[in-house]
Amino acid sequence: AAGGAADVVEAAGDGRAVGWVRNTVADAMEAFEWVRGEAPATLFHARFAMGDRLGREREVLKRFGRDSKPKDRAGQVLIATQVVEQSLDLDFDAMVTDLAPVDSLIQRAGRLWRHDRPGRSAQPVLSLLAPEPADDAGCDWYRSPFPRAARIYPNHAALWLTARELKRRRVLRLPEDSRAVIEAVYGEGVESGAPSALHDSWLEAEGEDHGAVATARS
(Lines give C-alpha, C1' and ligand atoms only; values in the text may rest on other atoms or scores of the structure.)
Protein backbone atom coordinates (compact mmCIF):
# COMPACT_ATOMS: atom_id res chain seq x y z
CA ALA A 1 0.00 0.00 0.00
CA ALA A 2 2.93 2.36 0.57
CA GLY A 3 3.67 1.95 -3.14
CA GLY A 4 0.16 3.16 -3.84
CA ALA A 5 0.88 6.30 -1.85
CA ALA A 6 3.95 6.97 -3.99
CA ASP A 7 1.88 6.55 -7.18
CA VAL A 8 -0.78 8.92 -5.86
CA VAL A 9 1.72 11.60 -4.87
CA GLU A 10 3.49 11.34 -8.23
CA ALA A 11 0.23 11.72 -10.19
CA ALA A 12 -0.81 14.69 -8.05
CA GLY A 13 2.60 16.26 -8.63
CA ASP A 14 1.87 16.09 -12.35
CA GLY A 15 -1.24 18.21 -11.76
CA ARG A 16 -3.80 15.43 -12.01
CA ALA A 17 -6.88 14.93 -9.86
CA VAL A 18 -6.29 11.59 -8.18
CA GLY A 19 -8.55 9.13 -6.37
CA TRP A 20 -7.35 6.31 -4.13
CA VAL A 21 -10.13 3.93 -3.08
CA ARG A 22 -9.38 1.82 -0.03
CA ASN A 23 -11.46 -1.00 1.38
CA THR A 24 -11.77 0.00 5.04
CA VAL A 25 -12.01 3.25 6.94
CA ALA A 26 -8.85 2.41 8.89
CA ASP A 27 -6.94 1.81 5.65
CA ALA A 28 -8.21 5.11 4.24
CA MET A 29 -7.14 7.00 7.36
CA GLU A 30 -3.72 5.38 7.23
CA ALA A 31 -3.30 6.31 3.56
CA PHE A 32 -4.38 9.87 4.31
CA GLU A 33 -1.58 10.18 6.86
CA TRP A 34 0.92 8.91 4.26
CA VAL A 35 -0.20 11.31 1.54
CA ARG A 36 -1.31 14.55 3.16
CA GLY A 37 2.20 15.83 3.86
CA GLU A 38 3.16 15.29 0.22
CA ALA A 39 0.06 16.43 -1.69
CA PRO A 40 -3.23 18.28 -1.02
CA ALA A 41 -5.45 15.44 0.21
CA THR A 42 -9.08 15.01 1.29
CA LEU A 43 -10.37 12.08 3.32
CA PHE A 44 -13.92 10.83 2.73
CA HIS A 45 -15.73 7.87 4.26
CA ALA A 46 -19.13 6.96 5.65
CA ARG A 47 -18.26 7.27 9.33
CA PHE A 48 -18.18 11.04 9.51
CA ALA A 49 -21.01 12.55 11.55
CA MET A 50 -23.85 13.51 9.22
CA GLY A 51 -23.19 17.27 9.32
CA ASP A 52 -19.47 16.77 8.71
CA ARG A 53 -20.18 14.23 5.99
CA LEU A 54 -22.49 16.55 4.06
CA GLY A 55 -19.94 19.34 4.22
CA ARG A 56 -17.19 16.98 3.12
CA GLU A 57 -19.39 15.73 0.28
CA ARG A 58 -19.86 19.26 -1.03
CA GLU A 59 -16.11 19.79 -0.89
CA VAL A 60 -15.46 16.53 -2.75
CA LEU A 61 -17.95 17.41 -5.49
CA LYS A 62 -16.40 20.85 -5.91
CA ARG A 63 -12.93 19.35 -6.41
CA PHE A 64 -13.71 16.14 -8.24
CA GLY A 65 -17.30 16.38 -9.49
CA ARG A 66 -18.65 16.82 -12.99
CA ASP A 67 -18.56 20.61 -12.81
CA SER A 68 -15.22 20.92 -11.03
CA LYS A 69 -12.90 23.56 -12.46
CA PRO A 70 -9.27 22.96 -13.46
CA LYS A 71 -8.01 25.31 -10.76
CA ASP A 72 -9.97 23.43 -8.08
CA ARG A 73 -8.98 19.90 -9.10
CA ALA A 74 -5.37 20.20 -10.29
CA GLY A 75 -3.05 18.19 -8.06
CA GLN A 76 -5.81 17.28 -5.61
CA VAL A 77 -6.09 13.82 -4.02
CA LEU A 78 -9.18 12.10 -2.66
CA ILE A 79 -8.66 9.12 -0.38
CA ALA A 80 -11.97 7.37 0.13
CA THR A 81 -13.74 4.11 0.83
CA GLN A 82 -16.55 2.38 -1.06
CA VAL A 83 -18.73 5.45 -0.44
CA VAL A 84 -17.55 6.84 -3.80
CA GLU A 85 -18.49 3.77 -5.85
CA GLN A 86 -22.09 4.62 -6.74
CA SER A 87 -23.68 7.61 -5.09
CA LEU A 88 -21.45 10.48 -6.25
CA ASP A 89 -20.75 11.70 -9.78
CA LEU A 90 -16.98 11.99 -9.47
CA ASP A 91 -14.37 12.25 -12.20
CA PHE A 92 -10.68 11.51 -11.63
CA ASP A 93 -7.74 11.96 -13.98
CA ALA A 94 -5.92 9.07 -12.32
CA MET A 95 -7.03 6.39 -9.89
CA VAL A 96 -5.47 3.85 -7.58
CA THR A 97 -7.58 1.15 -5.95
CA ASP A 98 -6.98 -1.68 -3.54
CA LEU A 99 -8.03 -5.10 -4.80
CA ALA A 100 -11.76 -5.65 -4.24
CA PRO A 101 -14.49 -7.84 -5.81
CA VAL A 102 -14.64 -7.37 -9.56
CA ASP A 103 -18.07 -5.71 -9.55
CA SER A 104 -16.79 -3.10 -7.10
CA LEU A 105 -13.71 -2.50 -9.24
CA ILE A 106 -15.92 -1.89 -12.28
CA GLN A 107 -17.88 0.70 -10.29
CA ARG A 108 -14.65 2.37 -9.20
CA ALA A 109 -13.30 2.41 -12.74
CA GLY A 110 -16.45 4.26 -13.76
CA ARG A 111 -15.14 7.27 -11.80
CA LEU A 112 -12.03 7.48 -13.98
CA TRP A 113 -12.31 9.85 -16.99
CA ARG A 114 -16.06 9.89 -16.42
CA HIS A 115 -16.54 13.20 -18.24
CA ASP A 116 -14.87 14.87 -21.20
CA ARG A 117 -12.16 17.30 -20.18
CA PRO A 118 -9.63 19.20 -22.30
CA GLY A 119 -6.01 18.13 -22.10
CA ARG A 120 -6.54 14.42 -21.57
CA SER A 121 -4.70 12.14 -23.98
CA ALA A 122 -3.86 8.46 -24.43
CA GLN A 123 -6.02 6.18 -22.27
CA PRO A 124 -7.12 6.26 -18.63
CA VAL A 125 -5.02 4.08 -16.32
CA LEU A 126 -6.42 2.38 -13.24
CA SER A 127 -3.61 1.25 -10.92
CA LEU A 128 -4.56 -1.89 -8.96
CA LEU A 129 -2.84 -2.67 -5.67
CA ALA A 130 -2.94 -6.45 -5.37
CA PRO A 131 -0.69 -9.36 -4.49
CA GLU A 132 0.59 -11.41 -7.42
CA PRO A 133 -2.05 -14.03 -8.38
CA ALA A 134 0.43 -16.92 -8.27
CA ASP A 135 -0.90 -20.42 -8.92
CA ASP A 136 0.47 -21.61 -5.58
CA ALA A 137 -0.93 -18.76 -3.50
CA GLY A 138 -1.44 -19.68 0.15
CA CYS A 139 -4.34 -19.05 2.49
CA ASP A 140 -2.84 -15.69 3.56
CA TRP A 141 -2.52 -14.46 -0.04
CA TYR A 142 -4.99 -11.59 0.51
CA ARG A 143 -4.97 -11.40 4.29
CA SER A 144 -1.27 -10.64 4.51
CA PRO A 145 -1.26 -7.38 2.47
CA PHE A 146 -4.82 -6.40 3.45
CA PRO A 147 -5.49 -7.73 6.97
CA ARG A 148 -8.41 -5.39 7.64
CA ALA A 149 -10.09 -5.78 4.26
CA ALA A 150 -9.80 -9.57 4.53
CA ARG A 151 -12.76 -9.45 6.92
CA ILE A 152 -14.78 -7.16 4.64
CA TYR A 153 -14.23 -9.33 1.55
CA PRO A 154 -13.93 -12.91 2.85
CA ASN A 155 -14.08 -14.68 -0.54
CA HIS A 156 -10.37 -14.61 -1.26
CA ALA A 157 -10.69 -17.14 -4.06
CA ALA A 158 -12.90 -14.68 -5.97
CA LEU A 159 -10.38 -11.91 -5.30
CA TRP A 160 -7.61 -14.12 -6.68
CA LEU A 161 -9.67 -14.82 -9.80
CA THR A 162 -10.29 -11.08 -10.15
CA ALA A 163 -6.58 -10.29 -9.96
CA ARG A 164 -5.72 -13.05 -12.42
CA GLU A 165 -8.35 -11.97 -14.94
CA LEU A 166 -7.34 -8.31 -14.83
CA LYS A 167 -3.66 -9.22 -15.15
CA ARG A 168 -4.48 -11.43 -18.13
CA ARG A 169 -6.50 -8.75 -19.89
CA ARG A 170 -4.36 -5.71 -19.08
CA VAL A 171 -6.87 -3.56 -20.99
CA LEU A 172 -10.49 -3.35 -19.86
CA ARG A 173 -13.18 -1.86 -22.10
CA LEU A 174 -16.26 -0.73 -20.22
CA PRO A 175 -19.08 -1.49 -20.40
CA GLU A 176 -18.30 -3.96 -23.21
CA ASP A 177 -16.11 -6.28 -21.10
CA SER A 178 -18.10 -6.10 -17.87
CA ARG A 179 -20.11 -9.28 -18.31
CA ALA A 180 -17.17 -11.39 -19.46
CA VAL A 181 -14.99 -10.25 -16.57
CA ILE A 182 -17.72 -10.95 -13.99
CA GLU A 183 -18.32 -14.39 -15.52
CA ALA A 184 -14.60 -15.12 -15.27
CA VAL A 185 -14.85 -14.56 -11.51
CA TYR A 186 -18.32 -15.78 -10.58
CA GLY A 187 -19.30 -18.08 -13.47
CA GLU A 188 -20.33 -21.69 -12.94
CA GLY A 189 -17.40 -23.78 -11.72
CA VAL A 190 -14.73 -21.08 -12.06
CA GLU A 191 -13.76 -21.41 -8.40
CA SER A 192 -11.94 -24.64 -9.28
CA GLY A 193 -9.35 -22.52 -11.07
CA ALA A 194 -8.30 -20.75 -7.88
CA PRO A 195 -5.47 -22.12 -5.71
CA SER A 196 -6.61 -24.94 -3.45
CA ALA A 197 -5.55 -23.01 -0.34
CA LEU A 198 -8.25 -20.43 -1.11
CA HIS A 199 -11.11 -22.84 -1.80
CA ASP A 200 -12.31 -22.82 1.81
CA SER A 201 -12.81 -19.05 1.68
CA TRP A 202 -15.13 -19.50 -1.32
CA LEU A 203 -17.20 -22.14 0.48
CA GLU A 204 -17.37 -20.13 3.70
CA ALA A 205 -18.42 -16.94 1.88
CA GLU A 206 -21.01 -18.88 -0.13
CA GLY A 207 -22.40 -20.40 3.07
CA GLU A 208 -22.69 -16.98 4.69
CA ASP A 209 -24.51 -15.66 1.61
CA HIS A 210 -27.00 -18.53 1.67
CA GLY A 211 -27.55 -17.99 5.38
CA ALA A 212 -28.23 -14.29 4.86
CA VAL A 213 -30.74 -15.06 2.11
CA ALA A 214 -32.53 -17.60 4.33
CA THR A 215 -32.70 -15.08 7.17
CA ALA A 216 -34.09 -12.39 4.88
CA ARG A 217 -36.76 -14.73 3.52
CA SER A 218 -37.85 -15.79 6.99
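Points to keep in mind about this one:
- Sub-6 Å Cβ pairs linking a first residue in the stretch 167-193 that is over 17 Å from residue 110 (Cα atoms) and open to solvent by 60 Å² or more (accessible area, probe 1.4 Å) to a second residue that is part of a helix (DSSP H, G or I) and of a type outside the set (A, V, I, L, M), at least 6 apart or interchain, are 191/202, ordered by first then second residue.
- For the criterion of being out of contact with any Leu (no Cβ under 8 Å at 6 or more places or on another chain), in a loop (DSSP other than H, G, I, E, B), open to solvent by 20 Å² or more (accessible area, probe 1.4 Å) and not β-branched (Val, Ile, Thr), residue 203 fails.
- Verdict on residue 147 being part of a loop (DSSP other than H, G, I, E, B), under 30 Å from residue 204 (Cα atoms) and touching a residue at least 24 places away in the same chain (Cβ under 8 Å): no
- Filtering 35, 21 for residues that are out of contact with any Phe, Trp or Tyr (no Cβ under 8 Å at 6 or more places or on another chain) and of a type in the set (A, V, I, L, M, F, W, C) leaves a single hit, 21.
- Matching residues, the stretch 90-115, being within 20 Å of residue 60 (Cβ to Cβ), surrounded by fewer than 23 Cβ atoms within 10 Å (Cβ to Cβ) and out of contact with any strand residue (DSSP E or B) (no Cβ under 6 Å at 6 or more places or on another chain): 91, 104, 107, 110, 113, 114, 115
Yes/no per residue for (1) outside any helix (DSSP H, G or I); (2) open to solvent by 80 Å² or more (accessible area, probe 1.4 Å); (3) in contact (Cβ under 8 Å) with a residue 12 or more places away in the chain:
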{"site": "47", "(1), (2), (3)": "yes, yes, yes"}
{"site": "52", "(1), (2), (3)": "no, yes, no"}
{"site": "60", "(1), (2), (3)": "no, no, yes"}
{"site": "72", "(1), (2), (3)": "no, no, no"}
{"site": "83", "(1), (2), (3)": "no, no, yes"}
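The values are calculated or read from the model by the stated rules, or taken from the named source; none is laboratory data. If you're wondering where the values come from, they're calculated on a predicted model, not measured in any experiment. Heads up, the Cβs are rebuilt from the backbone with ideal geometry, glycines too, and the neighbour counts pull from every protein chain shown. Note: accessible area is taken over every heavy atom of the protein model, side chains too, but ligands, DNA and RNA are not part of it. Shrake-Rupley method; radii C 1.70, N 1.55, O 1.52, S 1.80 Å.
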